Each structure stands twice: as structure tokens, then as C-alpha cells.
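*Asks:* Structure below; questions to follow.
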Amino acid sequence: MTNRLLPKFCLTLLITLLSLHTFAQTNLAHDPTKPALLINTVAGKSDISEYKLQSIVIGKTRRLALINDKLVSTGDTVGSAKVVAIDRNSVILSESGRKLTIYLFQRGIWN
């Protein structure tokens, strides 16, 4: 009787191990909804970890962005930068006379 259970046990174990491997592989894949950490600058370079764009809300009368856990609108400051514009997928900041564009998503995700 145990001889008949051994192949079933091995098959069940193999399927379990393969599904765990597949699950681990999918968790390592890139998340396209995760905000991009890159900051594109018009002039000069900035510390890419300084500004993290987390969300953008555009209403009929105002535009808001969540940057570094702070809700800001055009004209507000975050860190040492002033919010110049809030667009559908990006925010333009002005810091020390240079403009920084931070994107909500990587450019390949939104066309």
C-alpha cells in the first residue's frame, strides 16, 4: 500500500515546489505601478532619493501631488524646491534656479 502512495506523494511534493518557485519568481518581477525613483533634470543633477512622487490628483479647480508624504499644490514648497507645475504623470519642481521633473511612473508605462 505504501508503494502506491509514494508516487502520489512525490508528484504532490514536486507540484508544490514548482508552484513555490513560480511564486518567488513573480515577487521578484518589476512592479509597473511603483513610482519611478528617477528624477530628470533640465540643468544639473539632483539627489534622486530627495523627492519621491507618490500620487497626483487632478480636479476641476486644483491639482495636488503627494511628494515625500506631503500633499502639495502649485506654489508650495517641498524640501528646498518649489512646485512649479503638476501634470498628469509628472511634477515640475524649481530648486536653486534649476527645474527638476519627477515622474509618477516610468515613461514606458504611460504612452
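*Asks:* Only one of Asp47, Asp31, Asp69 is more than 17 Å from Thr101 (Cα to Cα) and at pLDDT below 70; which?
*Replies:* Working: Asp47 fails: more than 17 Å from Thr101 (Cα to Cα); Asp69 fails: at pLDDT below 70.
The unique qualifying residue is Asp31.
*Asks:* Can you give me the number of residues within segment 65-108 that are among the aromatic types (Phe, Trp, Tyr) and outside any loop (DSSP other than H, G, I, E, B)? Steps first, please.
*Replies:* Step one: of segment 65-108, the residues among the aromatic types (Phe, Trp, Tyr) are 103, 105.
Checking which are outside any loop (DSSP other than H, G, I, E, B) leaves us with 103.
Residues that pass the stated criteria total 1.
*Asks:* Here is a follow-up. Name the single residue, out of those in segment 95-111 being of a type in the set (S, T, N, Q) and surrounded by fewer than 15 Cβ atoms within 10 Å (Cβ to Cβ), that is modelled with the highest pLDDT. Explain how you work it out, then say what you get.
*Replies:* Within segment 95-111, the first condition is being of a type in the set (S, T, N, Q), and the residues that meet it are 96, 101, 106, 111.
So of that shortlist, the ones also surrounded by fewer than 15 Cβ atoms within 10 Å (Cβ to Cβ) come out as 96, 111.
On the way: Ser96: 86, Asn111: 51.
It comes out as Ser96.
The values are calculated or read from the model by the stated rules, or taken from the named source; none is laboratory data. The model shown is predicted, which means the values in this text are computed figures rather than measured ones. Ideal geometry is used to build each Cβ from the backbone, glycine not excepted, and the neighbour counts take in all protein chains shown.
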